[in-house]
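Here the structure comes first, spelled out in structure tokens, and everything after it is commentary.
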Amino acid sequence: MKTPKMTTTTNSPANAASATKTMTTPLFATNYHVYINHTDAGGIVYHANHLVFFENCRRDWFSKIGLNSYFLQTDDGQIQHFVVSQAQLHYCQAIFLDEVISVRIDKVELKPASIVFYQSIHRILAENEPVDKSKSTNTLLSSTKIVIACVQNQINPTPSVQPSNQDSVAPTVVASAAPIRLIRVPQDLHDSIQQAITHHASEQ
């Protein structure tokens, strides 16, 4: 099976932001300070770093629900983890140096072999900041739909044997070209995420 490939779409249709409009409160939200290493020379967060903030938010949410290890190990020693297979981003407003932003998980969908995240980044307004009625009160900076696929590392890939050009030389052993394969989301992980989703829905 081929390794999942990442596809990125900027300025995508509004469906990437639909979760923000339909959810009254996010499934999870955490604040991050914007540092100089997040920005370009003009003090604006580099577009790819929106993905970094989204990734950090997912990692922090996993930790909150008790999934403290990024890599999961099976009883027979196989390593399971997630890779991004699709990312659709909608950039709304610039994020600036020294801002504090709220990065959110608005909605999560569980699939047999993947997890779909609807996320958004919002600007946090200072308490003493005056309200400018001439400006939009929308604090949405960017939104995304990200699909992460569950894969398993092939610790001992099955070798293939290629015949040598000379009969006197031993055949050449070549490792498999597919080091990871797509698998179903582990049941324990599936149950933990489903429990978090159900608990959040009950509080709405």
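From the phi angles alone, apply the Karplus equation (6.51, -1.76, 1.60; θ = phi - 60°) to segment 61-78 and give each ³J(HN,Hα) in whole Hz, x where the residue is Gly or Pro.
5, 4, 5, 4, 8, x, 9, 7, 10, 5, 9, 9, 10, 7, 4, 9, x, 6
Applying a 10 Å radius around every beta-carbon, put 75-81, 28-34, 194-200 in order of their mean neighbour count, most first.
Working: 75-81: 11.6, 28-34: 15.9, 194-200: 14.0.
Those peptides, ordered most packed to least, come out 28-34, 194-200, 75-81.
For ALA201 and ILE124 in the same chain, what is the full-extension length gain: residue separation times 0.36 nm, less their Cα-Cα distance, in nm?
Residue separation times 0.36 nm, minus the Cα-Cα distance, leaves 25.3 nm.
Compute the Cα gyration tensor for segment 40-140, then decide on rounded, prolate or oblate, letting a ≥ b ≥ c be the square roots of its eigenvalues: rounded whenever a/c is under 1.5, prolate when a/b is larger than b/c in the other cases, and oblate in all that remain.
Taking the square roots of the gyration eigenvalues as a ≥ b ≥ c, segment 40-140 is prolate.
Please work out the FRET efficiency for the pair THR30 and ASP76, using the Cβ-Cβ distance as r and a Förster radius of 25 Å; give the result to the nearest 0.05.
0.10
Computed from the coordinates by the stated procedures, all read-outs in this text should not be read as laboratory data. Keep in mind that what you see is a predicted model, and the values were worked out from it rather than measured. Counting neighbours? That spans all protein chains shown, and the Cβs are built from the backbone with ideal geometry, glycine included.
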